[in-house]
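Notes follow the structure.
Nothing in this text is a laboratory measurement; each read-out follows from the coordinates by a stated rule. The shown structure was predicted, so the numbers you read here are calculated from the model rather than taken from an experiment. All Cβ positions, glycine included, derive from the backbone under ideal geometry; neighbour counts span all protein chains shown.
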Amino acid sequence: AQSVTQLGSHVSVSEGALVLLRCNYSSSVPPYLFWYVQYPNQGLQLLLKYTSAATLVKGINGFEAEFKKSETSFHLTKPSAHMSDAAEYFCAVIWMDSSYKLIFGSGTRLLVRP
Amino acid sequence: DTAVSQTPKYLVTQMGNDKSIKCEQNLGHDTMYWYKQDSKKFLKIMFSYNNKELIINETVPNRFSPKSPDKAHLNLHINSLELGDSAVYFCASSQQGSNSPLHFGNGTRLTVT
């Protein structure tokens, strides 16, 4: 079955440190990939998306993600964490052979320590 | 202007009641969705409509009935509410096309007591 896996339900970093949030998908069919962020008591906001153009995708708020087909991964990174980055981050995938449903990973809560 | 708006923001009700959540989008999108987010933050698609036609209907109890009067609105009606229905329900919309990102509303927190 097709699935999206986010390793680590919680990630804690110091302010100014590198942020790395992991996402792997299971499929032999290249999907469309997205990262969304959810701030407390709010809806989800698109950070970035991969749609088979450049493998390194830049998003809002200094985040970027790299699509690695050989590793079936789409990890999210940011060089320097800011306190305002603390939120829940969701990786999501659309497989073209699944009625174009957007399937979410289980989410990773990013905590930023002062 | 709010792109995807849901009402109400909070809904507290008793078991057995019937309730509705409304959703409207002013983005001109063709496709609208309902997602359920449980207490562990897991998001699962429930329904999707494209131009008022149901295109995705996941394994959701038939107590849940979406209604789309036009392509800018997708309402969710829930009959005979149960404790397990407590969750945050998100409406979303997108342009037709598999790589179009979804735009989400701010959610409706439903609490069934």
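Sort A:63, A:34 so the one with the fewest other Cβ atoms within 10 Å of its own Cβ comes first.
A:63, A:34
Rounded to a whole number, what is D in µm²/s for the protein assembly as shown from Stokes-Einstein with the Kirkwood radius over alpha-carbon pairs (20 °C, 1.002 mPa s)?
It comes out at roughly 118 µm²/s.
Which semi-axis lengths, in whole Å and largest first, follow from the square roots of five times the eigenvalues of the Cα gyration tensor of chain A?
Sorted largest first and rounded, they come to 24, 14, 12 Å.
Among all the lysines, which ones have a C-alpha under 20 Å from residue B:67's C-alpha, if same-chain residues fewer than 8 places away are not counted?
A:101, B:9, B:19, B:22, B:36, B:44, B:52
Please check which bits of region B:65-104 a label hung off residue A:53 would reach, taking the label as a point 7 Å along Cα-to-C-beta and the cut-off as backbone N under 20 Å.
Residues B:94-103 qualify, since their backbone N sits under 20 Å from the label point.
Identify, among A:61, B:8, B:84, the residue whose Cα sits farthest towards the positive end of the charge dipole of the protein assembly as shown, taking +1 on the Cβ of Lys and Arg and -1 on the Cβ of Asp and Glu, with the dipole about the Cα centre.
Positive-end residue among those listed: B:84.
Give the range of the longest stretch in chain B that excludes all trypsin sites (Lys or Arg not before Pro) found in loop regions by DSSP and having at most 15 other beta-carbon atoms within 10 Å.
No qualifying site falls inside B:64-113, the longest such stretch.
Which order results if B:34, A:95 are arranged by neighbouring Cβ count within 10 Å, fewest first?
A:95, B:34
Would you please give the FRET efficiency between residue B:20 and residue B:83, computed as 1/(1 + (r/R0)^6) with r the Cβ-Cβ distance and R0 = 25 Å, to the nearest 0.05?
0.85
Return an integer: the convex hull volume of the alpha-carbon atoms of chain B, in Å³ per residue.
95 Å³
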